[in-house]
Amino acid sequence: MKRDIILSGVGGQGILSIATVIGRAALDQGLHIKQAEVHGMSQRGGDVQSNLRISSDKIASDLIPRGAADLIISLEPMEALRYLPWLSTGGWVITNTAPLPVSYTHLTLPHSVALDVDAIARQAASPRAANIVLLGAAAPFLGIAPEKLEAGIRAIFARKGDAIVDTNLAAFRAGYAYAQKQTAQWEGCR
């Protein structure tokens, strides 16, 4: 098993929280991980990007070469586009659509799950859990058992109390359900 994942967004969206949950779940599943982070500005609004490599075998480098990423997971659509040169031919893009202007909503990628994480988070849990909705949408592609990801969410958010844990679990499950539905429709069109 091997997954090369680029997580992208802007400061304050929770990209690094997603990386932490995935990393913890991968370790709990006995996988190897390497991670490299880039923080644009030290304040909200700056580019944030993380290379996350997960494998059942040892990993030599923490950087993903161009054309090799299996997944781009992005909370900011324009940041997803920035990293398309790193996406492999069969790779998937899991991205938020909310900030995307209407004129760009017809952008078509070969393999993608595009969802309004803000709207799903508001409906299922809390607007503050939009990043965890995106994690849920990416979960079917990570090669990590959903239970391990949920355990990672519990561990990462436990110090904030049961209500926060429950909110994030609801957000994760809503994103996961959305991705399963959308990919089933995509598979049916092939």
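Just so it is clear, none of the values below were taken in a lab; they were calculated from the coordinates. Not measured: the values here are computed from a predicted model. Don't worry about glycine lacking a Cβ; one is built from the backbone with ideal geometry, like all the others, and counts go over all protein chains shown.
Annotation: amide H of Ala98 within the under-5 Å range of Val117, Asp118, sequence separation 5 or more or interchain, hydrogens built in the peptide plane.
Helix-only arithmetic for the chain: the sum of -39500 (n - 2.57) across DSSP H runs with n ≥ 4, divided by the residue total, places the mean residue ellipticity at 222 nm at -12500 deg cm²/dmol. Shown for the chain are the DSSP H helices of 15 Å or more along their axis, judged by Cα atoms, with a mean Kyte-Doolittle hydropathy of at least -0.5: 15-28, 146-157, 162-188. Put a plus charge on the Cβ of each Lys and Arg, a minus charge on the Cβ of each Asp and Glu, and nothing anywhere else: the dipole of the chain about its Cα centre is then about 160 debye. As a length-normalised measure over Cα pairs under 8 Å and 6 or more apart, the relative contact order of the chain settles at 21 percent.
Considering all C-alpha pairs of the chain, those separated by over 27 Å amount to 21%. The lysine pair tally for the chain, using Cα distances under 19 Å and a gap of 8 or more places or different chains, is 5. Taking label points 7 Å from Cα along the Cα-to-Cβ direction, Lys160 and Arg66 give a separation of 3.7 nm.
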